Amino acid sequence: MWPLTLTWWELIFRGIVVYALLLFFLRLAGKRQIGQMAPFDLVLLLVLSNSVQNAMNGGDNSVTAGAISAATLVLFNDLVGFASFKSRRLEALIEGRPQILIHNGQLFPAVMKRAHLTHHELNAALRSAGCACPEQVHCAILENNGQISVMTRSKNPGERDFTGEKAGLNG
């Protein structure tokens with residue numbers, strides 16, 4: 001139950017390698033927020049966690065090995081978060097940068113294609129912001145957390161409205 005079959009440092013090394021590989025693969029997969037996951041995204045995460053378990057613990061199923069692996073993942077995640085906070089270059093590499101999907105009513109299909117974003121997902125975000133079509137949008141941005149921020153066009157010429165409502169009527 002408690003004795004290790006691998007050395008503690010090998011468990012830590014395995015955890016860091018698996019974390020880095022998963023981060024790389026999930027970063028390649030694109031931007032999706034946990035709340036926006038489709039069922040196949042959830043299945044992928046569950047299968048990934050199962051597939052890398054043995055790579056992380058090397059067959060050592062002791063409680064001690066589990067505790068070391070879990071602590072390694074949590075601490076390394078905090079380290080990556082801190083490092084990306086300190087370095088803009090690392091932040092861009094790990095988290096990506098926001099991408100403009102619509103500007104002044106013009107849709108950018110190439111950006112949508114690169115981000116693996118469907119028209120259905122974009123239209124759902126537009127409807128949430130009170131827009132029926134891209135022509136009503138001043139700017140729509142795919143944020144690096146997977147959310148789509150929508151700023152609507154003003155109802156009066158020359159006036160920008162970023163709330164989705166006409167300025168002065170927000171009560």
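The values are calculated or read from the model by the stated rules, or taken from the named source; none is laboratory data. From a predicted model like this one, the values you see are computed outputs, not experimental measurements. Heads up, the Cβs are rebuilt from the backbone with ideal geometry, glycines too, and the neighbour counts pull from every protein chain shown. The area values use the complete protein model at the heavy-atom level, side chains included, leaving out ligands, DNA and RNA. Shrake-Rupley method; radii C 1.70, N 1.55, O 1.52, S 1.80 Å.
Hey, can you find the accessible area per residue of the chain for me, probe 1.4 Å, expressed in square angstrom?
Values: 11270 Å² over 171 residues.
About 66 Å² of surface per residue is accessible.
Going by amide H atoms built from the backbone, whose H comes under 5 Å of the H on D60, apart from near neighbours?
Result for D60 returns nothing.
Tell me, what % of the accessible area of the chain is carbon and sulfur with a 1.4 angstrom probe?
That fraction is 64 percent.
Sticking with the crude label model, points 7 Å out along Cα→Cβ, report the distance from W8 to N77 in nm, one decimal please.
For W8 paired with N77, the spin-label model returns 2.2 nm.
If I stretch the segment between V43 and A70 completely, what's the gain in nm (0.36 nm per residue apart, minus their alpha carbon distance), one decimal?
Residue separation times 0.36 nm, minus the Cα-Cα distance, leaves 7.6 nm.
Magnitude of the Cβ-charge dipole of the chain, K/R +1 and D/E -1, about the Cα centre, nearest 20 debye?
460
Given the rule -39500 (n - 2.57) for each run of at least 4 DSSP H residues, summed and divided by the residues of the chain, what is its mean residue ellipticity at 222 nm, to the nearest 500 deg cm²/dmol?
Values: 6 runs with 89 residues, N = 171.
Per the formula, -17000 deg cm²/dmol.
So if R0 is 35 Å, what FRET efficiency would S62 and R89 give, r being the distance between their Cβ atoms, rounded to the nearest 0.05? Walk me through the intermediate numbers first.
Numbers: r = 39 Å, r/R0 = 1.12.
E between S62 and R89, to the nearest 0.05, is 0.35.
Report, in degrees rounded to the nearest 10, the 0 to 90 angle that the Cα long axis of helix 63-86 makes with the longest principal axis of the chain.
The angle comes out near 40 degrees.
With a point put 7 Å past each Cα toward its Cβ, work out how far N145 is from L22 in nm, to one decimal.
Distance between label points: 2.1 nm.
Please report how far the C-alpha centroid of segment 46-80 lies from that of segment 102-159, rounded to the nearest whole angstrom.
Their Cα centres are 39 Å away from one another.
Once phi is turned into ³J(HN,Hα) by the Karplus curve 6.51 cos²θ - 1.76 cosθ + 1.60 with θ = phi - 60°, what whole-Hz value does each residue of segment 24-29 show in order, with x for glycine and proline?
4, 5, 5, 5, 5, 5
Given a 1.4 Å probe and heavy atoms of the protein chains only, how would you sort M151, M112, M1, largest accessible area at the top?
Largest to smallest exposure gives the sequence M1, M151, M112.
From the list (i) 136; (ii) 276; (iii) 159, can you say which value of volume of the Cα convex hull per residue in Å³ was derived from the structure given?
(iii)
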